[in-house]
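Everything on this sheet refers to the single structure shown next.
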Amino acid sequence: MKILHLCLGNFYIDNYSYQENMLPKFHKKMGLDVEIIASLLSYDEDGNHCYLDKSGSYINEYGIPVTRLKFKKNIFNKRLRRFQGFYEALSKSKPDIIFIHNCQFLDIKEVVKYVKLNPDVKIYVDNHADFSNSARNILSRTILHKIFWRKCAQQIEPYTTKFYGVLPARIDFLKKLYKLPAERIELLLMGADDDKVQETKDPHVRKEIREKHNIKEDDFLIVTGGKIDKFKKQTLLLMEAVKEIDDDKVKLIVFGSVINELKESIRELSDGEKIQYIGWLDSDDCYKYFAAADLGVFPGRHSVLWEQAVGTGLPCIFKYLEGTTHVDVGGSCIFLYNDSKEEIKEKIELLIIDKELYKKMKSITGEEGMKKFSYYQIAKESIGL
């Protein structure tokens with residue numbers, strides 16, 4: 001059976017562990033014939049959006065054929081996502097299943113055209129947009145989403161087996177902004193790479209990371225990571241909170257890209273011992289740092305690192321956001337309700353002092369976290385298996 005993943009409504013980044021990477025990887029592991037058609041939109045080494053210079057086909061890190069398509073000429077086609085040679089590439093692929101990652105591209109009408117001629121093809125569509133990362137201003141909300149992207153969603157709806165929101169908040173977005181029928185929408189979790197999680201079970205992984213950063217085995221190591229930008233300035237509050245904890249055994253490692261206007265603040269708060277900023281990590285290495293840590297703290301906006309941390313078995317403290325509490329697997333985490341240094345410090349100290357609470361969280365996360373956030377299981381569920 002052939003499954004085609006369309007990554008035209010947003011970016012596709014090679015060698016990362018986003019859902020666009022993981023679902024194809026595990027569909028291939030399930031024995032399916034897998035292909036990806038993607039835009040040229042990607043990320044640079046600083047974690048910023050960029051466009052690749054070259055279109056064409058290649059084999060990715062998982063042995064999956066990828067075809068990168070150029071945008072049709074003129075700036076409007078890039079913004080509205082229309083592509084050169086898309087229908088030809090779709091017809092050449094001959095898929096039995098099409099999995100659309102984000103339906104926000106005008107060329108979705110070409111998918112409709114193809115499915116009308118091939119009615120046995122099954123369509124699944126996911127959505128990564130919510131009101132925290134999209135439709136944040138009047139122009140985006142009333143023009144882009146309510147007119148263009150709503151039309152795209154409604155064009156493909158009659159042919160779609162299932163729409164997925166990858167967070168509860170993203171289910172609400174499909175219902176409220178695109179007016180899709182509730183009975184056709186389900187939650188499809190993002191998760192953790194089963195292979196990488198299994199690798200971290202080796203105790204040498206924890207030992208190696210701790211030794212690299214001069215962290216002793218009896219130190220209480222906290223990690224946080226991701227893009228540090230204007231939406232995640234709370235990372236600075238976390239660094240300040242740890243700095244004020246009067247315990248030399250409490251250490252913090254921060255990884256991720258930093259926007260220019262915050263770089264100086266990050267440098268000032270990093271002393272290289274109690275608080276260490278280590279820059280951007282490859283996605284594979286994130287799992288190693290989660291395995292080396294005692295606690296994950298994510299005080300800003302949601303990222304895929306949340307599910308990866310819980311899936312690795314790491315107890316966590318997360319910022320409370322409506323529609324993201326799915327990361328709590330029965331007591332595996334606690335939440336922050338205010339953007340304050342004081343609350344972050346209080347919650348960390350609670351878990352250091354209340355060893356029974358911490359032990360309970362660690363046990364629950366270790367037992368239930370990987371079950372819920374296994375990408376192998378999520379990949380099966382995504383196509384109704």
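The values are calculated or read from the model by the stated rules, or taken from the named source; none is laboratory data. Because the structure is predicted, anything quoted here is derived from the model rather than measured. FYI the Cβ positions are ideal-geometry reconstructions off the backbone, even for glycines, and counts take in every protein chain you see. Surface areas here come from the heavy atoms of the whole protein model, side chains and all, with no ligands, DNA or RNA. Shrake-Rupley method; radii C 1.70, N 1.55, O 1.52, S 1.80 Å.
For the range 36-101, the fraction of C-alpha pairs farther apart than 16 angstrom is 54 percent.
In loop segments of the range 311-359 as defined by DSSP, the GluC sites (Glu not before Pro) with at most 12 further C-beta atoms inside 10 Å of their C-beta are GLU322. Please say if the range 263-363 is rounded, prolate or oblate, where rounded means a/c under 1.5 for a ≥ b ≥ c the square roots of the C-alpha gyration tensor eigenvalues, and otherwise the choice is prolate for a/b larger than b/c and oblate otherwise? It comes out rounded by the Cα gyration axes. If you plug the beta carbon distance of THR161 and ILE352 into 1/(1 + (r/R0)^6) with R0 = 45 Å, you get a FRET efficiency near 0.40.
For the chain, the longest principal axis of the C-alpha atoms and the axis of helix 341-353 are separated by about 70°.
Residues considered: GLY313, GLY225, GLY256. Largest GNM mean-square fluctuation over the chain, using C-alpha springs under 10 Å, is found at GLY256. Each residue of the range 48-139 gets 153 Å³ once the volume of the Cα convex hull is shared out per residue.
Ranking ASN48, LEU314, ILE334 by Cα position along the charge dipole of the chain, where only Lys, Arg, Asp and Glu carry charges on their C-beta atoms, puts ASN48 farthest toward the positive end. The modelled label-to-label distance between GLU367 and GLU322, using points 7 Å beyond Cα along the C-beta direction, is 3.3 nm. As a fraction of the 1.4 Å probe accessible area of the range 273-385, surface on carbon and sulfur atoms comes out at 50 percent.
Among LEU23, LEU305, LEU351, the residue with the largest mean-square fluctuation in a Gaussian network model of the chain, with springs joining Cα atoms closer than 10 Å, is LEU351. Backbone N atoms of the range 90-114 closer than 12 Å to the 7 Å Cα→Cβ label point of ASP120 belong to residues 95-97. Computed as a quarter of the hull surface, the mean projected area of the alpha carbon convex hull for the range 58-202 stands at 10.8 nm².
Under the classification rounded if a/c is under 1.5, otherwise prolate if a/b is larger than b/c and oblate if not, where does the range 313-356 fall, given a ≥ b ≥ c as square roots of the Cα gyration tensor eigenvalues? It is oblate, given that a/c is not under 1.5 and a/b is not larger than b/c.
What do you get for the angle between helix 234-244 and the principal long axis of the chain? Use alpha-carbon atoms, 0 to 90 degrees, nearest ten. Value to nearest ten degrees: 10. Charge tally for LEU41 (other residues, Cβ to Cβ under 15 Å; Lys, Arg +1; Asp, Glu -1): +3.
Measuring between alpha carbons in the structure, the pairs from LYS25/LYS201; LYS201/LYS243; LYS227/LYS249; LYS251/LYS362; LYS207/LYS233; LYS230/LYS360 lying more than 25 angstrom apart are LYS201/LYS243; LYS227/LYS249; LYS207/LYS233; LYS230/LYS360. Here the dipole of the range 262-385 is about 240 debye; that uses its Cα centre as origin and unit charges on the Cβ of Lys and Arg (positive) and Asp and Glu (negative). Relative to the dominant Cα principal axis of the chain, helix 260-269 is inclined by about 20°.
Over the range 288-385, average the accessible area per residue using a 1.4 Å probe and give it in Å², no decimals. Heavy-atom accessible area per residue stands at 40 Å².
Mind giving me the FRET efficiency for ASP339 and GLU264? R0 is 22 Å, r the Cβ-Cβ distance, nearest 0.05 is fine. Step by step, r from the Cβ atoms, then E = 0.60. Our note on the geometry: Cα centres of the range 127-201 and the range 345-385, 24 Å apart. What is the list of residues in the range 68-109 whose amide nitrogen lies under 13 Å from a point 7 angstrom out from the Cα of TYR58, following Cα to Cβ? Taking a point 7 Å out along Cα→Cβ of TYR58, the residues of the range 68-109 whose backbone N falls under 13 Å are 68-69.
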